[in-house]
Amino acid sequence: MAAFSTYRYHLMAIFTVIVWGTTFVSTKVLINGGLSPTEIFLYRFVLAYIGIWFFCPRKLFANNLKDELLFAASGLCGGALYFIFENTALGITLASNVSLIICTSPIFTALLSWLMYRKERMKASLMFGSLTAFLGVALVVFNGSFILQINPLGDILTILAALSWAFYGIILRQVNGRYSTLFITRKVFIYGILTMLPFFAMDSATFTPSLLASPLIAANIIFLGLIASLLCFVTWNTAVKELGIVQTSNYIYLVPLVTLFTSAIVIDEQITYIALIGTVFILAGVYIAEKGFRIKRD
């Protein structure tokens, strides 16, 4: 029974990355429809915040100021900074560069966790598995077309996005034992919104709420807000609480894989043998990495 419970959390993580892997297409539809990346983020997080109030306890604040500041940091890192860095990078460098570099987040997470919590020990198999999965990601992202355009600013911003997500996971670990997953997720949403407002103020000229009258745009906002944000942040945070941030983060390597097959289905992009080989590398790397991290028992 205990083994089944553990597998349930792995399935939650897999479900989450499957949904997140499809959000590229949905976000692209919204951008092509006239919405800015900042608008998309605010709409999806506001919708998610409203939705979570139907399930979350009505407690407003954390138990102390330190925890409240940690929640503010989680919203900043997992919300505003991550999306600002990633979306800005997409406007500067190739999408393939961004998709590849963002998958360094599990490696950053493992390193940060090891540096901050000396009870955790990295094994060679963890790094080997991570690098194997990263190689697979590269093959899937390029999908047979090996063109890497170096753009220092865009690539640096993508690295900052990956670091932001890694810090988000580390912060989650600080509060997971003291608060429920729903409460934590709600705090991430509200602080994600609040920390995004300064960026939105600088981009207010692109605010076009009239576009929400379009059924296509409204449907994609609902998907991103209620499924990709509300539901998936809950399932992801639950998986992190039960499995640990390092184990859960390794599933991020599957995101480009999901995007590859979603693009093939939705917009008829071709899948090459190189990409299929990359798929094998990703799956093998995730499996190896899962075996390479353990916690010393006191």
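Every number here is computed from the coordinates shown, using simple stated rules; none is lab data. Treat the numbers as computed from the prediction; the structure is a model and nothing was measured.
Under the √(5λ) rule applied to the eigenvalues of the Cα gyration tensor, what semi-axes describe the equivalent ellipsoid of the range 1-91? Give them in Å, descending. Taking √(5λ) for each eigenvalue gives 27, 22, 14 Å, largest first.
Computed 3J(HN,Hα) for the range 179-194, one whole-Hz value per residue from the Karplus formula 6.51 cos²θ - 1.76 cosθ + 1.60 where θ = phi - 60°, is 9, 6, 4, 5, 5, 4, 5, 5, 5, 4, 5, 5, 6, x, 5, 5, glycine and proline marked x.
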